[in-house]
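The values are calculated or read from the model by the stated rules, or taken from the named source; none is laboratory data. Note that this is a predicted model, so its numbers are computed, not measured. We place every Cβ from the backbone using ideal geometry, glycine too, and count neighbours over all the protein chains shown. The accessibility values were calculated without ligands, DNA or RNA, using every heavy atom of the protein model including side chains. Shrake-Rupley method; radii C 1.70, N 1.55, O 1.52, S 1.80 Å.
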Amino acid sequence: MDVPPPARSLTRTTCPYCGVGCGVLAAPDGTVAGDPDHPANRGRLCSKGMALGETIALPGRLLHPEVRGKRASWGAALDAVAEGFRRALAERGPGGVALYVSGQLLTEDYYAANKFAKGFLGTANIDSNSRLCMSSAVAAHQRAFGEDVVPGVYEDLESADLLVLVGSNLAWCHPVLFQRVAAAKATRPSMRVVVVDPRRTATCEGADLHLPLRPGSDVALFGALLAHLHAEGQADSAWVSEHTRGLEAALDAARAVAPRAAELTGLDPADLATFFRWFAATQRTVTLWSQGVNQSETGTDKANAILNCHLLTGRIGKPGAGPFSVTGQPNAMGGREVGALATMLAGHLDWERPGEAELVRGHWRAPNIAVAPGLKAVDLFRAVSAGRIGALWVMATNPAVSMPDGSSVRDALRRAPFLAVSDCVAETDTAEFAHVRLPAVGWAEKDGTVTNSERVISRQRAFLPPAGEARPDWWIVSQVAARLGWGDAFAWSGPADIFREHAALTGLGNDGRRAFDISGLAAMTNAEYAAMPPTRWPCPAKGPARERFFSAGGFTAGRARFVPTPRRGESAADGGDGTLTLLTGRYRDQWHTMTRTGGVPRLMAHAPEPLLAVHPEDARGIPDGALARVSSTQGAAVLRLRHDAGQRRGTAFAPMHWTARNAPAARVNNAVPPKADPVSGQPALKSARVALSAYEPAWHGFLLARADLGPGLAPYCTTGLAAPGVWRHELAGAEEPQRAFARLIDLASPPGDAWARLEDAAGGLHRGVLLEGGRLIAALFLGPHHRLPPRGWLAALIAPGADGATPNVAAMLAGRAMDGPPPSPTLCVCNGVSEACVRGAIEAGARSVAAVGERTRAGTGCGSCRPEIAALLACAAREAVPA
Ligand SMILES: Nc1nc2c(c(=O)[nH]1)N[C@H]1C(S)=C(S)[C@@H](COP(=O)(O)OP(=O)(O)OC[C@H]3O[C@@H](n4cnc5c(=O)[nH]c(N)nc54)[C@H](O)[C@@H]3O)O[C@H]1N2
Ligand SMILES: Nc1nc2c(c(=O)[nH]1)N[C@H]1C(S)=C(S)[C@@H](COP(=O)(O)OP(=O)(O)OC[C@H]3O[C@@H](n4cnc5c(=O)[nH]c(N)nc54)[C@H](O)[C@@H]3O)O[C@H]1N2
Ligand code: SF4
Ligand SMILES: [Mo]
């Protein structure tokens with residue numbers, strides 16, 4: 001294996017978080033900056049990207065292989081994985097083994113895993129967390145175009161006159177793209193932005209229209225739009241007749257829903273009319289969509305309903321016009337390219353097209369190529385649960401948290417006869433069940449490529465040596481393959497070898513028939529690969545390269561297809577039956593299951609605890625800040641309730657991020673049933689029907705300490721960093737408060753440590769602070785009410801290294817800061833500016849985001865918080881206008 005020499009100067013690499021794919025300049029000391037030359041971000045980074053340096057040296061890395069909980073050599077661990085698979089193959093055949101992989105693998109890792117499974121294990125039971133993420137978009141592209149292709153590029157979002165964002169919280173989930181859009185709109189105010197989302201998100205700030213539709217009603221909305229566009233004579237008839245088929249059937253289905261559009265979507269008919277008018281009148285229209293579309297029982301139809309509108313108007317693959325599915329993970333696109341989903345082959349080749357499986361078999365010299373699709377994620381874990389999978393290998397994903405029906409998935413993992421987990425972090429909810437743990441290199445150590453949402457392939461380059469004994473994922477796969485007797489086919493000396501093999505595959509039998517063709521990169525030398533600049537596909541060995549697809553037809557299927565999207569069983573939202581629709585999703589500063597972002601104190605400051613947002617009138621009398629339970633037929637979760645007038649009536653929103661490590665009661669996927677879209681198999685992660693009730697513990701409390709005391713302190717327990725070196729546990733429990741207080745004091749300190757206490761047993765009030773050498777080192781507050789003294793100033797006192805005078809114990813126990821402003825959540829994590837401080841600046845006369853920035857520095861760093869500052873300004877402006 002070639003190991004690149006450690007970097008001495010700045011390394012050009014790519015952010016490992018979202019699918020925007022920002023270029024990063026990284027220094028060996030871990031300092032990062034946006035790469036001014038990268039086409040995706042031109043120097044920008046969001047809050048998560050800016051904090052990458054702080055994730056590099058996080059504790060908790062998996063540093064060496066482990067077999068059954070014990071440290072093992074690489075040889076022993078690889079032998080154990082090979083043996084696990086050998087045995088399962090012998091007992092059950094190729095259908096009895098499986099891999100579950102991830103859009104966070106590099107293309108080279110992904111290619112290796114797919115080749116191993118489909119070519120050599122002989123099974124297509126390799127699915128990816130992209131099933132939970134992109135599979136509805138993939139299926140819709142395939143149905144419409146005959147191939148999974150995103151036709152446009154990011155510049156189209158900037159040059160559009162109308163940008164429609166559907167089920168996308170771009171401001172938080174693709175922040176740099178959102179900033180590009182905001183900048184374009186600022187220089188060209190005639191550009192319009194419409195947001196289609198049941199809740200009012202940060203993305204709505206500055207939008208011209210927000211359509212808070214009923215969850216799941218996107219098919220009706222875009223069906224009605226199709227009928228409207230046709231009726232208004234907006235069809236590009238010549239283009240449609242030359243390049244498409246199936247319009248009449250799609251129109252029939254659309255006309256059936258159109259008259260009921262307002263009723264079905266629950267939207268104001270005037271807003272609907274405005275949207276339809278704008279869409280009809282604007283040639284340069286981009287419709288961008290994300291998980292509010294894909295993660296639905298009608299996800300594929302939703303996406304096709306959007307594609308239909310673009311096909312009818314011929315607005316596709318043109319500057320400023322086209323449908324645009326944005327990818328979530330850094331390499332969601334790369335995974336689709338290598339075909340590492342159970343329903344794909346490799347290199348956009350397909351079992352269904354005659355001869356293509358044979359091409360792949362030949363290229364791989366595969367003895368035993370899979371002949372048909374394998375199990376999709378939900379079915380895969382069901383099969384594990386039913387004992388039909390003898391060996392499972394999970395790479396770079398945390399299904400115990402991220403899959404719906406969380407408790408069944410954990411049961412399945414527990415029951416698997418053999419489970420290998422490759423991760424860079426030691427203790428994940430999934431790794432808990434592993435027989436073998438394999439340490440993978442982390443972001444700063446990885447070397448390979450990723451493809452972003454606009455088909456740009458970028459290099460991730462290592463700038464640090466591997467931590468401990470960690471190894472690249474492709475290498476781990478190749479070593480297991482070698483032990484199973486397939487070493488020749490996996491004898492790569494580095495990622496460049498794999499990339500060339502992958503690139504060559506995309507040219508086989510292609511001749512312009514498939515859009516995905518990077519055969520022009522197959523002859524790259526190692527040096528060229530090392531220096532490869534961001535490169536958009538296609539890059540065919542023969543024939544023209546191009547920016548966009550399909551403006552002049554040329555669909556992989558010959559003609560594009562209008563897919564009829566009749567209304568089928570969308571959930572009856574709006575709480576008519578007393579239940580709410582649980583929309584789950586993301587927070588601005590957290591990445592999925594928090595294995596990296598959760599370790600950075602300033603990224604925890606924006607949302608220290610998971611919140612359940614509901615409209616105040618749906619709160620069932622439960623006060624803001626109290627604990628609430630949501631329960632479905634599947635299971636339940638407990639979160640802190642947040643009244644939010646921006647939440648559509650009949651819906652609730654909860655983040656997907658918290659885990660058994662940091663908030664066991666708040667794992668929302670315990671309440672999400674494993675229902676899936678019938679076409680794509682993508683789970684409906686945004687439409688659980690839940691009942692809301694008060695969660696009434698005997699006591700509420702918090703504990704601040706210089707150690708993580710674990711997630712088991714109380715039935716409700718969240719854990720997070722409140723300041724560097726200070727852990728904050730939010731607690732609630734059923735036992736008698738005095739007992740709980742004594743128990744927690746014992747847990748939090750060595751016996752004999754003297755806590756200063758203030759207790760009122762009759763009132764259920766118990767407070768204690770622990771000092772060491774005049775410095776505060778822990779605080780425990782319990783009370784009968786969820787309203788407890790603020791934590792921020794206590795956390796600041798506990799922080800190791802924080803200087804300051806000996807604190808006033810009486811004031812601390814009284815829960816009073818001696819001086820200083822009341823604490824409030826941190827809005828701007830770059831400059832540590834609180835929401836209260838921003839409000840203060842607005843009260844003092846700041847009237848724009850820039851003016852707030854001048855006074856407070858908020859919003860002058862990465863800019864991720866600007867939408868929230870704008871929201872506070874808008875709110876203040878509304879309050880200032882007399883009713
Ligand atoms: N900060 C942060 N950024 C991320 C990630 C992260 O973990 N954290 N993850 C990345 C990944 S992998 C992904 S896939 C993307 C996801 O990016 P997004 O899809 O933008 O994020 P979500 O919050 O999952 O959901 C988007 C919105 O869908 C809305 N929605 C729910 N149901 C419906 C519906 O029926 N119709 C419509 N129109 N809208 C609906 C929700 O209210 C929510 O605001 O983010 C990527 N970026
Ligand atoms: N309720 C609900 N559930 C959801 C969603 C939702 O919106 N709502 N969204 C879904 C979507 S879109 C997604 S993409 C998934 C994401 O869900 P997951 O993929 O389960 O979440 P991550 O925390 O990103 O898990 C990645 C794991 O890989 C590890 N890792 C990082 N880099 C590497 C590497 O290079 N090699 C290896 N071997 N390991 C690595 C990390 O430490 C981490 O443990 O969640 C899905 N689940
Ligand atoms: S927008 Fe943020 S998370 Fe996404 S790639 Fe860029 S810096 Fe990374
Ligand atoms: Mo995703």
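A few points about this structure:
- Applying the set (1) at pLDDT below 95; (2) assigned to a helix (DSSP H, G or I) to PRO28 leaves exactly one unmet item: (2).
- Checked against the criterion of being under 14 Å from the mean Cα position of the chain (by Cα) and surrounded by 24 or more Cβ atoms within 10 Å (Cβ to Cβ), the candidates ALA688, ALA666, ALA671, ALA654 yield just one match: ALA654.
- In this entry, PHE433 is excluded by the filter for residues that are of a type outside the set (Ser, Thr, Tyr), open to solvent by less than 40 Å² (accessible area, probe 1.4 Å) and away from ligand 2 (no atom under 16 Å from the Cβ).
- Looking at segment 213-323, none of the helices (runs of 4 or more DSSP H) lying wholly inside it contains 2 or more residues that are at pLDDT below 95, among the acidic types (Asp, Glu) and touching an Asp or Glu at 6+ places or on another chain (Cβ under 9 Å).
- Filter result for GLU54 (open to solvent by 50 Å² or more (accessible area, probe 1.4 Å), assigned to a helix (DSSP H, G or I) and touching a residue at least 12 places away in the same chain (Cβ under 8 Å)): yes
- Screening PHE418 on (1) within 16 Å of ligand 1 (Cβ to nearest atom); (2) closer than 30 Å to TRP492 by Cα; (3) among the aromatic types (Phe, Trp, Tyr) shows it passes everything except condition (1).
- Looking across segment 124-148 at every residue that is crowded, with 24+ Cβ neighbours inside 10 Å and in a loop (DSSP other than H, G, I, E, B), the one that is nearest to the chain's Cα centre (by Cα) is identified as CYS133.
- Options THR285, THR265: the member that is within 24 Å of ASN169 (Cβ to Cβ), away from ligand 4 (no atom under 16 Å from the Cβ), free of Cβ contacts under 8 Å to residues at least 60 places away in the same chain and of a type in the set (Val, Ile, Thr): THR265
- Segment 121-149, subset under 24 Å from LYS446 (Cβ atoms) and not acidic (Asp, Glu), residue farthest from ligand 3 (Cβ to nearest atom): ILE126
- Some residue of segment 864-872 being free of Cβ contacts under 8 Å to residues at least 40 places away in the same chain and of a type in the set (Gly, Ala, Ser): no
- All conditions in (1) open to solvent by less than 10 Å² (accessible area, probe 1.4 Å); (2) not assigned by TED's automatic domain parsing to the domain that holds SER478 hold for VAL32, with the sole exception of (1).
- Only one of the numbered conditions (1) without any contact (Cβ under 8 Å) to a residue 60 or more places away in the chain; (2) crowded, with 19+ Cβ neighbours inside 10 Å is violated by THR14, and that is (1).
- The single residue among GLY485, GLY468 that is among the small types (Gly, Ala, Ser), open to solvent by 40 Å² or more (accessible area, probe 1.4 Å) and closer than 20 Å to PRO65 by Cβ turns out to be GLY468.
- Flag for GLU54 being among the acidic types (Asp, Glu) and within 22 Å of the chain's Cα centre (by Cα): yes
- VAL150 being under 27 Å from LEU105 (Cα atoms), among the β-branched types (Val, Ile, Thr) and within 16 Å of ligand 2 (Cβ to nearest atom): no
- Output for segment 73-85, where each listed residue is farther than 10 Å from VAL480 by Cα and surrounded by 18 or more Cβ atoms within 10 Å (Cβ to Cβ): GLY84
- One residue from ALA762, ALA722, ALA740 being touching a helix residue (DSSP H, G or I) at 6+ places or on another chain (Cβ under 6 Å) and either over 27 Å from SER824 (Cβ atoms) or of a type outside the set (Phe, Trp, Tyr) (or both): ALA722
- Within segment 236-252, at least one residue is farther than 19 Å from ASP271 by Cβ, open to solvent by 30 Å² or more (accessible area, probe 1.4 Å), in contact (Cβ under 8 Å) with a residue 12 or more places away in the chain and of a type in the set (Lys, Arg).
- Taking segment 330-403 as the region of interest, the helices (runs of 4 or more DSSP H) fully inside it that hold 2 or more residues being surrounded by fewer than 24 Cβ atoms within 10 Å (Cβ to Cβ) are 356-364, 377-385.
- Residue match in segment 343-359 (condition: within 16 Å of ligand 3 (Cβ to nearest atom) and modelled with pLDDT of 95 or more): no
- Test: residue in segment 413-428 that is more than 16 Å from ligand 2 (Cβ to nearest atom), touching a strand residue (DSSP E or B) at 6+ places or on another chain (Cβ under 9 Å) and polar (S, T, N, Q): no
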